[in-house]
1. Please name whichever of Thr14, Leu42, Gln31 sits farthest to the positive end of the charge dipole of the range 1-56, dipole taken about the Cα centre and charges placed at Cβ: Lys and Arg +1, Asp and Glu -1.
2. What does the net charge come to around Asn187 if you take all other residues with beta carbon closer than 15 Å to its beta carbon, with K and R at +1 and D and E at -1?
3. Place the peptides 128-139, 157-168 in order of packing, highest mean first, counting for every residue the other Cβ atoms within 10 Å and averaging per peptide.
4. Rounded to the nearest 5, what % of the DSSP beta bridges within the range 1-135 are antiparallel ones?
5. Within a Cβ distance under 10 Å of Gly136, other residues only, what is the Lys/Arg minus Asp/Glu net charge?
6. Work out the FRET efficiency for Asp6 and Phe164 from their Cβ-Cβ distance, taking R0 = 22 Å, and round it to the nearest 0.05.
7. Rounded to the nearest whole Å², what accessible area per residue is found for the range 1-96 with the 1.4 Å probe?
8. For the chain, give the percent of accessible area contributed by carbon and sulfur heavy atoms, probe 1.4 Å, rounded to a whole number.
Amino acid sequence: MNNNYDKIANHYDTLSRLVFFKSQVNAQINQLQYIQENSRVLIVGGGTGWILEELAKIYTRGLKIVYVEISAKMITLSQKRNYKDNHIEFMNVGIEDFKTDVLFDVILTPFLFDNFVEQRAAKVFGQLNEYLKKGGVWFLVDFSLNKVNGNWWKWLLLRSMYAFFKLLSIVEANKLIDMAFYFFEANYLIVEERLYYGGFIKATIFRK
Ligand SMILES: C[S@@+](CC[C@H](N)C(=O)[O-])C[C@H]1O[C@@H](n2cnc3c(N)ncnc32)[C@H](O)[C@@H]1O
């Protein structure tokens with residue numbers, strides 16, 4: 001299991017909208033207004049690429065985007081998107097194998113870390129932290145459970161999702177990792193935090 005969504009790439013967006021309506025989408029769209037023009041943007045695990053069209057609604061040109069996706073099918077779907085005149089470099093590799101000397105202004109990891117076991121999450125956090133400029137922003141969107149918003153239905157839904165993805169041998173994780181811990185340890189500041197879907201989805205913008 002390497003968290004590759006090839007098996008469900010063609011149905012992923014439909015499934016997401018079926019369960020979460022547009023919450024997963026809205027959580028990400030709201031963050032995009034924080035991107036400055038002509039930014040260098042790294043998107044990791046962007047899925048079918050709908051976010052590229054949302055970015056193109058804000059800036060029709062000037063963005064320099066690197067789009068890292070482990071799923072070849074997701075890459076193929078993303079390449080068909082209308083991203084206007086923005087420059088996109090599609091990289092069909094796991095983020096673990098993506099190396100760069102270029103630093104980014106913005107990093108997006110939407111619903112990426114909830115696939116990972118702690119060891120991988122820690123490694124990928126450290127790697128991406130190196131790729132983000134000082135003063136750059138990191139858009140973290142993931143499922144969230146804590147003592148304050150840990151209602152029974154969230155636990156049930158999360159367990160069902162992990163069971164579903166285990167059945168298909170896609171996702172390695174069994175539980176959510178507390179990613180905020182890594183950001184605070186690396187002295188990031190919170191610029192904005194919003195909850196969606198009754199608090200089950202948390203969208204945080206961190207500044208390095
Ligand atoms: C839960 S889906 C989220 C898709 C998209 N962000 C969205 O919200 O619609 C996670 C995506 O991350 C990709 N992924 C998982 N592990 C990855 C890795 N190590 N490197 C790059 N992409 C990865 C999967 O193939 C999948 O497309």
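1. Farthest towards the positive end: Thr14.
2. +2
3. So the peptides 128-139, 157-168, ranked by packing, come out 128-139, 157-168.
4. For the range 1-135, the DSSP antiparallel bridge percentage is about 0.
5. Cβ neighbours under 10 Å give a net charge of +4.
6. 0.90
7. It amounts to 48 Å² per residue over the range 1-96.
8. The nonpolar share, carbon plus sulfur, comes to 54 percent.
The values are calculated or read from the model by the stated rules, or taken from the named source; none is laboratory data. This one's a predicted model, so the numbers in the text were calculated from it and none came from an experiment. Virtual Cβ from ideal backbone geometry, glycine too; neighbours counted across all protein chains shown. Note: areas computed on protein heavy atoms with side chains; ligands, DNA, RNA excluded. Shrake-Rupley method; radii C 1.70, N 1.55, O 1.52, S 1.80 Å.
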